[in-house]
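Below you'll find the structure, written out as C-alpha cells, and then a few comments.
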Amino acid sequence: MTRETTIDFIILESSRLFIREFNLDDIESVYEYSSNANNTYYMDWGPADHEEVQNFINKKLAEQLESPRRNFDFAICLKENGRLIGSCALFLDEKRMQAELGYIFHQDFHHMGYASEATRKMLEFGFMNLNLHRIFARCDSENLASEAVMKRLGMRKEAEMKSCRFVKVGGREQWRSEKTYAMLQKEYLLNFCI
C-alpha cells in the first residue's frame, strides 16, 4: 500500500489529544508500546516484533478503505507535540449496531487520564456518529487500571466470567477470568447529552 492511499487526518479532538487514522509513519511509535512486555501484559497478543507491527499498520490502512467500515482503530496523539502514545478502537459487529471498545497506551503515559479522555471521545463517536445501540469493553479481572477506565466512563458492569478464556497473560498461557462493562446509547444520551 502506498503512502497516497492512507487517510491521514484528525477524526476526534479532546482537550489534550488528537485522535486520528494510523499512517505508515506510525510504525516505530506503535512498536514502542506494543513491544514492551509490561505494556502488553494483559493483552492476548504481544509483545510484538517489528514484522507484527508492520502487519498491524498495513491492516489498519486497509480497514480505513473498507466500505462499510467495521473497525475504527485510531492513533492517540498528544496535542502539545504530536507524539503517538497509544490507540483506541471500536470494533463493530456484523450488523454495525454494537461495538467493542479497546485501548492500549504506552506505559509512560499511564495514570495521567489520557485513556479516559480518549475513550470518552470514542463513546461519543460511536453513539453520536455511528449511531450504535451498545458499546462494551472487556478486561482481565486483575487489570484494575483498565476496569477503572470503564468505571470512569460510566459504563455498567455486566458480568465477571470466571476462568472463561485460555490466553497468554504475562508471557504464559493460562485460564483467566474476565469482566465486561457496557453502555447503551440511551444511557449515554441521558448521562452526557442533557
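The values are calculated or read from the model by the stated rules, or taken from the named source; none is laboratory data. Not measured: the values here are computed from a predicted model. Note that we place each Cβ from the backbone using ideal geometry, even for glycine, and neighbour counts take in every protein chain shown.
Within region 39-91, the set of residues being in contact (Cβ under 8 Å) with a residue 60 or more places away in the chain, within 17 Å of the chain's Cα centre (by Cα) and within 18 Å of residue 109 (Cα to Cα) comprises 39, 40, 41, 42, 43, 74, 77, 78, 87, 88. Filtered by the rule that a residue be more than 15 Å from the chain's Cα centre (by Cα) and under 19 Å from residue 63 (Cα atoms), region 13-33 gives 23, 24, 25, 26, 27. Being charged (D, E, K, R) and modelled with pLDDT under 95 is a description that does not apply to residue 73. For residue 96, the conditions (1) within 17 Å of residue 23 (Cα to Cα); (2) touching a Pro at 6+ places or on another chain (Cβ under 9 Å) all hold with the exception of (1).
Total residues in region 54-80 satisfying the condition of being of a type outside the set (Gly, Ala, Ser) and within 20 Å of residue 39 (Cβ to Cβ): the figure is 11. Just one of the listed residues (87, 116) is touching a helix residue (DSSP H, G or I) at 6+ places or on another chain (Cβ under 7 Å) and not hydrophobic (A, V, I, L, M, F, W, C), and it is 116. For region 92-112, a residue qualifies if it is acidic (Asp, Glu) and either exposed (fewer than 15 other Cβ atoms within 10 Å of the Cβ) or touching a residue at least 40 places away in the same chain (Cβ under 8 Å) (or both), and the qualifying residues are 93, 94, 108.
Tell me, please, whether a residue that is surrounded by 13 or more Cβ atoms within 10 Å (Cβ to Cβ), touching a Phe, Trp or Tyr at 6+ places or on another chain (Cβ under 6 Å) and among the small types (Gly, Ala, Ser) can be found in region 22-37. Among the residues of region 22-37, not one is surrounded by 13 or more Cβ atoms within 10 Å (Cβ to Cβ), touching a Phe, Trp or Tyr at 6+ places or on another chain (Cβ under 6 Å) and among the small types (Gly, Ala, Ser), which makes the answer no. Restricted to region 113-194, the set of strands (runs of 3 or more DSSP E) holding at least 2 residues that are in contact with a strand residue (DSSP E or B) (Cβ under 9 Å, 6 or more places away or on another chain) and surrounded by 18 or more Cβ atoms within 10 Å (Cβ to Cβ) comprises 134-140, 172-184. Count of region 46-84 residues, restricted to those that are in contact with a helix residue (DSSP H, G or I) (Cβ under 7 Å, 6 or more places away or on another chain), over 12 Å from residue 27 (Cβ atoms) and in a strand (DSSP E or B), is 3.
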